[in-house]
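Reviewing the structure listed below.
The values are calculated or read from the model by the stated rules, or taken from the named source; none is laboratory data. As the structure is a computational prediction, the values presented were derived from the model and not from experiment. A quick note on method: Cβ atoms are made from the backbone with ideal geometry, for glycine too, and the neighbour counts reach across all protein chains shown.
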Amino acid sequence: MKPAPHPTAAEVRAALALAQQAHLAAAEAYGESLVVQAAIPSRDVSFERDAVQAALQRVEALKMLLPRIEAFEADELAQVRYKLDQDRHRRLERKLADVTKQAMAFAAHASNMVSSWRKLVAAADEATNLLSDKQKQLANGGLAARLNAISLRAAAETELHRIGCAAPGSEDLPAPGTNPANVELRFRSAPHMLPALEGTMKTLSSALLALGPTPLLTTPNEAA
């Protein structure tokens, strides 16, 4: 058999209140019996006297029990809180470990981004040196100018805004290195619609390569 459950402090307080009321009622009844005994000496008041004594003992017993129950409940509550705090601390440890892990990943990707950026600028510089005069003059030199570091930086920042900017009203924070205020006005409500860097570079390359070398009218062998 399971042991009987301990009464709660609230139950003991309620029982104590009832016991105190019963003690007052018993004392009142005993007082009335004494009045009657004064008039009728043969009146036996032992029943009322014993009732008062029993009620008082009940009150005192509950008064002694209440602090023990409160201490027991406080100990149980402290144990529950400790277990919850232990669980919270374990979850905190895991999340902080994940924070460190993600910080390392961010640092690695940031390092890769900077490395890729430098390689992009170097490749564009080398490509610029290989442009023909006609390619350099295409669109009044505007296409060739898009290979310089300043233009590439603007295109790279646009890519960061496209990937990292949050749309207005979103709860997401803009990613580091992005600023919604710097996004072109027509794209601010939908920064993900900004032109992708890869597509921009492919379009630029296609336009420049379309102006290839002019074919010879005769081959060297035919001229000989």
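I need the full set of residues from segment 163-190 which are more than 24 Å from the chain's Cα centre (by Cα) and surrounded by 11 or more Cβ atoms within 10 Å (Cβ to Cβ), in order please.
Within segment 163-190, the first condition is being more than 24 Å from the chain's Cα centre (by Cα), and the residues that meet it are 181-190.
Those that are more than 24 Å from the chain's Cα centre (by Cα) and surrounded by 11 or more Cβ atoms within 10 Å (Cβ to Cβ): Asn182, Val183, Glu184, Phe187, Arg188, Ser189, Ala190.
Being touching a Leu at 6+ places or on another chain (Cβ under 9 Å), of a type outside the set (Asp, Glu) and not in a helix (DSSP H, G or I): is that true of Pro41 here? Before you say what the answer is, go through the steps one by one.
Details: touching a Leu at 6+ places or on another chain (Cβ under 9 Å): no; of a type outside the set (Asp, Glu): yes; not in a helix (DSSP H, G or I): yes.
So Pro41 does not fit the description; no.
What residue, of Thr158, Thr128, is under 30 Å from Arg188 (Cβ atoms) and among the hydroxyl-bearing types (Ser, Thr, Tyr)?
On the way: Thr128 fails: under 30 Å from Arg188 (Cβ atoms).
Among Thr158, Thr128, only Thr158 is under 30 Å from Arg188 (Cβ atoms) and among the hydroxyl-bearing types (Ser, Thr, Tyr).
Answer yes or no as to whether Glu48 is more than 14 Å from Gln20 (Cβ to Cβ), in contact with a Gly (Cβ under 9 Å, 6 or more places away or on another chain), in contact (Cβ under 8 Å) with a residue 12 or more places away in the chain and assigned by TED's automatic domain parsing to the domain that holds Leu18.
Numbers: more than 14 Å from Gln20 (Cβ to Cβ): yes; in contact with a Gly (Cβ under 9 Å, 6 or more places away or on another chain): yes; in contact (Cβ under 8 Å) with a residue 12 or more places away in the chain: yes; assigned by TED's automatic domain parsing to the domain that holds Leu18: yes.
Criteria met by Glu48.
Which numbered condition trips up Asp50, out of (1) acidic (Asp, Glu); (2) part of a helix (DSSP H, G or I); (3) loosely packed, with under 12 Cβ neighbours inside 10 Å?
Only one criterion is unmet by Asp50, namely (3).
What's the number of the condition Leu56 fails, among (1) out of contact with any His (no Cβ under 8 Å at 6 or more places or on another chain); (2) in a helix (DSSP H, G or I)?
(1)
Having 3 or more residues that are touching a helix residue (DSSP H, G or I) at 6+ places or on another chain (Cβ under 7 Å) is the bar; report the helices (runs of 4 or more DSSP H) wholly within segment 119-224 that clear it.
Values: elements: 133-137, 142-145, 149-164, 197-210, 220-223.
Here the list reads 142-145, 149-164, 197-210.
Look through segment 169-213, keep the residues that are free of Cβ contacts under 8 Å to residues at least 24 places away in the same chain and of a type in the set (Ser, Thr, Tyr), and return whichever of them is farthest from Gly141 (Cα to Cα).
Filtering segment 169-213 for residues that are free of Cβ contacts under 8 Å to residues at least 24 places away in the same chain and of a type in the set (Ser, Thr, Tyr), the one farthest from Gly141 (Cα to Cα) comes out as Ser170.
All but one of (1) surrounded by 14 or more Cβ atoms within 10 Å (Cβ to Cβ); (2) in a helix (DSSP H, G or I); (3) not acidic (Asp, Glu) hold for Asn112; which doesn't?
Asn112 satisfies every listed condition except (1).
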